Every structure is written in structure tokens, then in C-alpha cells.
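Comments concern the structure below.
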Amino acid sequence: MAIQDCRLIELPQVHDQRGNLTFVEGGRHVPFDIQRAYYLYDVPAGSHRGGHAHRGLYQLLIAMSGSFDITLDDGFENKKFHLARPHYGLLITPMVWREMDNFSGGSVCMVLASAHYDEADYYRDYDQFCAAARAAAP
Ligand code: TYD
């Protein structure tokens, strides 16, 4: 997996006079079955989150409210995204390091994930991650 496989996904929107509705279906709008949802909120100004990669997990990150930046790194190149609308999600594939910052006040990041929480799936050391990513490269 590499950074080219990570992308913004535009999600369906249903508009009417009562407001907007967006939905996400596992296997249809995201290329995985959704096993877990979690969310980041009350993030203090200036905070950084992320700082890890996953061995096998797929995730979709959505700015449910407010905005933030995400920098992806596959051990070879970097790519930066700004999430600011709840009908866009950023797909992050396995073996991609992510850093999140520039959270606006009141922002909420929801993450849909392909598996239950498993600490053994994390790389939390950047050098170890890079060595593994480079060793796995074709
Ligand atoms: P972490 O994934 O490091 O958060 P972030 O990517 O936002 O910086 O998780 C922070 C803590 O929360 C860590 O102790 C693990 C715990 N955690 C769970 O118990 N379950 C979960 O589903 C997640 C995502 C984290």
C-alpha cells in the first residue's frame, strides 16, 4: 500500500429544506467493512494527533465539524490534505504514517475503521515504520 491509494472520497448528500444528510456504507462508499467508529473532539488549539501507522487497518477520516490538516507519509513521499466538509472522507490505507494538526475550534473528526482496536496493529515509532515500509517496497 502506498500514498497513491489514499484519496478523498466524496460521499452522497441528500439535500432538502430541513438540511443535509450524508451516509456511508461499508463495501460501497468505502472499500472495507466498517467494524469500528471513533471520534476526536475537544481537541485543544495547537494539538497534534496521529503520529502512527497501521499494519493492516483501513480508515476513513471525516471532518464532521470544523476542519483540520492531515499529512500522510508512506516512507517515500508526503501528501497533505485539509478536511473541512462532512461529505468528504479521506481514505487511509495500511502502512501509511499520519500526522494531524491545525484543528479548528470545536472540530470533530470521525474515523470509520475496518477492524476493532488492536494496539498490535500500530507502528508508533517512525523509524521502525520507515524501515518496514521500505523493506516491503517492490
Ligand atoms: P491513538 O490511536 O494514539 O489516537 P490518535 O491517533 O488520535 O492520536 O489512541 C489514543 C489512545 O486511545 C490510545 O491509548 C489507544 C486508545 N484507543 C482505544 O482504546 N480505542 C480506539 O479505538 C482508539 C482509536 C484508541
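Could you give the size of the charge dipole of the chain about its Cα centre, using +1 on the Cβ of each K and R and -1 on the Cβ of each D and E, expressed in debye and rounded to the nearest 20? Before the final figure, lay out the partial values.
Numbers: 12 positive and 17 negative charges, 52 e Å.
Rounded to the nearest 20 debye, it is 240 debye.
If you build the convex hull over the alpha carbons only and average its shadow over all orientations, what do you get for the chain? Give it in nm² to one decimal. Can you show the working numbers first?
Working: hull surface 34.8 nm².
Hull-based average projected area comes out at 8.7 nm².
Once phi is turned into θ = phi - 60°, what whole-Hz ³J(HN,Hα) does the Karplus curve with 6.51, -1.76 and 1.60 give for every residue of segment 45-58, x standing for Gly and Pro?
In residue order, the calculated couplings are 3, x, 6, 10, 10, x, x, 6, 9, 10, 6, x, 7, 9 Hz.
So how much accessible area does Phe129 have, in Å² to the nearest 10, using a 1.4 Å probe?
Rounded to the nearest 10, the figure is 0 Å².
Under 8 Å for C-alpha pairs, at least 6 residues apart: give me the relative contact order for segment 3-136, rounded to a whole percent.
On the way: 311 pairs, mean separation 46.1, N = 134.
So the answer I get is 34 percent.
What accessible area per residue, rounded to a whole number of Å², is obtained for segment 3-136 using a probe radius of 1.4 Å? Kindly include the intermediate steps, with their values, before the conclusion.
Numbers: 7270 Å² over 134 residues.
Counting only protein heavy atoms, the per-residue value for segment 3-136 is 54 Å².
Which of the GluC sites (Glu not before Pro) found in segment 24-127 are loop residues per DSSP with 12 or fewer other Cβ atoms within 10 Å of their Cβ? Intermediate values should be presented prior to the final figure.
Working: sites: Glu25, Glu77, Glu99, Glu119; in loops: Glu25, Glu77.
The qualifying sites are Glu25, Glu77.
Which whole-Hz ³J(HN,Hα) couplings does segment 94-104 yield from phi under the Karplus relation 6.51 cos²θ - 1.76 cosθ + 1.60, θ = phi - 60°, glycine and proline marked x?
The phi angles translate into x, 6, 10, 6, 10, 10, 10, 7, 6, 5, 7 Hz.
Taking amide hydrogens as modeled 1.01 Å from N in the peptide plane, which residues meet the under 5 Å criterion relative to Val96, leaving out close sequence neighbours?
Those qualifying (amide H under 5 Å, at least 5 residues apart or on another chain) are His54.
Within segment 1-93, report the trypsin sites (Lys or Arg not before Pro) that DSSP leaves as loop and that have at most 15 other Cβ atoms within 10 Å. Walk me through the numbers before you get to the answer.
Numbers: sites: Arg7, Arg18, Arg28, Arg36, Arg49, Arg55, Lys79, Lys80; in loops: Arg18, Arg28, Arg55.
For trypsin sites (Lys or Arg not before Pro) across segment 1-93 that sit outside H, G, I, E and B with at most 15 neighbouring Cβ atoms in 10 Å, the list reads Arg18, Arg28, Arg55.
Probe radius 1.4 Å, ligands and nucleic acids ignored: give me the carbon and sulfur share of the accessible area of the chain as a rounded percent.
On the way: 3760 of 7630 Å².
Whole-percent figure for carbon plus sulfur exposure: 49.
Please list 3J(HN,Hα) in residue order for segment 107-115, calculated via the Karplus relation 6.51 cos²θ - 1.76 cosθ + 1.60 where θ = phi - 60°; whole Hz, with x for glycine and proline.
Each residue's phi maps through the Karplus curve to give 6, 10, 10, 9, 10, 9, 10, 7, 8 Hz.
With axes computed from alpha carbons, what is the tilt in degrees of helix 126-136 against the longest principal axis of the chain, rounded to the nearest 10 within 0 to 90?
In the chain, helix 126-136 runs at an angle near 80 degrees to the longest axis.
Count the net charge of all other residues whose Cβ sits under 13 Å from the Cβ of Arg134, scoring Lys and Arg as +1 and Asp and Glu as -1.
Details: positive: none; negative: Asp73, Asp74, Glu77, Asp127.
Within the 13 Å Cβ shell, the charges total -4.
Going out from 0 in 5 Å bins, what whole percent of all Cα-Cα distances in segment 1-73 drops into each bin?
3, 9, 21, 23, 22, 14, 6, 2, 0
The values are calculated or read from the model by the stated rules, or taken from the named source; none is laboratory data. Small disclaimer: the values here were computed from a predicted structure and weren't measured. Counting neighbours? That spans all protein chains shown, and the Cβs are built from the backbone with ideal geometry, glycine included. Surface areas here come from the heavy atoms of the whole protein model, side chains and all, with no ligands, DNA or RNA. Shrake-Rupley method; radii C 1.70, N 1.55, O 1.52, S 1.80 Å.
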